[in-house]
Amino acid sequence: MLNRIRKKKGVQKDVLTLARERVSQAFDLFDTVAVSFSGGKDSTAVLNLTIEEAERRGKLPVLVFHYDEEAIPWETVDYVRRVSKDPRVDFKWLCLPVQHRNACSRKQPYWYPWDPDCPEKWVRPMPEEAITWDMVSGFPIEEEKRPTLPESVGLLFNAEKYGRVGMMLGIRADESLTR
């Protein structure tokens, strides 16, 4: 938890202008600008702003990562699938058994979406577009060594291929200080 309270600061620009400036700055600072896309409204807005800037700079397609956490609504799956077919994106549909906190059990403090050891427990079938744990070089298979979602990012980006990577995330302002 943060020990200090951040006060809102008034600015003379609207939110859209500021967002466009931040996306532009990311393209200035990084060799590759990637979007973490959940299929929600916030990441959709960030994806559209990133595509807009990439088009302006002639840097299409945009690298997009969808971390499929298995237990998502079918409507979200359908929407993500439609977005994945957009020719302006290089879409990576990740179905990795990363370590998540389990708030439902003290005996089992973690759960693993798409756990390769328990496919009978999966909420839905594996998407045909999936990039799985056995396709990611260096992904630990042993349950006790599996990374968290943020830790898995380092396994996915090869510096030789992508250079310095800036990851764009869409998070609501009221959530951003605690995530």
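The values are calculated or read from the model by the stated rules, or taken from the named source; none is laboratory data. Given the structure is predicted, the values throughout are model-derived calculations rather than measurements. Cβ coordinates were reconstructed from backbone atoms using ideal geometry, including for glycine residues, and neighbour counts include every protein chain displayed. Accessible surface is based on the protein model in full, side chains and every heavy atom, while ligands, DNA and RNA are left aside. Shrake-Rupley method; radii C 1.70, N 1.55, O 1.52, S 1.80 Å.
With the highest mean first, a sort of the peptides 164-172, 29-37 on other beta-carbon atoms found within 10 angstrom per residue produces 29-37, 164-172. Put 133, 114 in order of accessible area, highest first, and with a 1.4 Å probe you get 133, 114. Neighbours of residue 127, meaning other residues whose beta-carbon lies under 14 angstrom from its beta-carbon, give a summed charge of -1 when Lys and Arg score +1 and Asp and Glu score -1. Name the residues of segment 78-111 whose amide N is less than 20 Å from a point 7 angstrom out from the Cα of residue 158 along the C-beta direction? Taking a point 7 Å out along Cα→Cβ of residue 158, the residues of segment 78-111 whose backbone N falls under 20 Å are 90-96.
With a probe of 1.4 Å, find how much accessible area the chain has per residue, and write the answer as a whole number in Å². Can you show the working numbers first?
Working: 12050 Å² over 179 residues.
Averaged over the residues of the chain, the accessible area is 67 Å².
Which percent of the accessible area of segment 1-131 is formed by carbon and sulfur heavy atoms (probe 1.4 angstrom)? Don't jump to the answer; show the numbers that get you there.
On the way: 4540 of 8660 Å².
Its accessible area is 52 percent carbon and sulfur atoms.
The candidates 106, 56, arranged from most to least accessible area with a 1.4 Å probe in the full protein assembly, appear as 106, 56. Which angle between 0 and 90 degrees, to the nearest 10, do you get for helix 15-29 versus the longest principal axis of the chain when only C-alpha atoms count? Taking Cα atoms only, the helix is inclined about 70 degrees. Extension gain, residue 57 to residue 81, is 6.0 nm, computed as 0.36 nm per intervening residue step minus the present C-alpha separation. Within the chain, antiparallel bridges make up roughly 10 percent of the DSSP beta bridges whose residues both belong there. Kindly flag which residue pairs out of 13/85; 107/145; 7/59; 85/161; 13/92; 13/41 have an alpha-carbon separation exceeding 25 Å in this structure. 13/85; 7/59; 13/92, as the Cα separations exceed 25 Å there. Per-peptide packing, taken as the mean over residues of other Cβ atoms within 10 Å, places 77-89, 116-128 in the sequence 77-89, 116-128 from highest down.
Could you give me D for the chain, from Stokes-Einstein at 25 °C and 0.890 mPa s, where the hydrodynamic radius is the Kirkwood radius over C-alpha pairs? Units µm² s⁻¹, please. Display every interim value, and only then the final one.
Details: Rh = 18.0 Å.
Approximately 136 µm²/s, per Stokes-Einstein.
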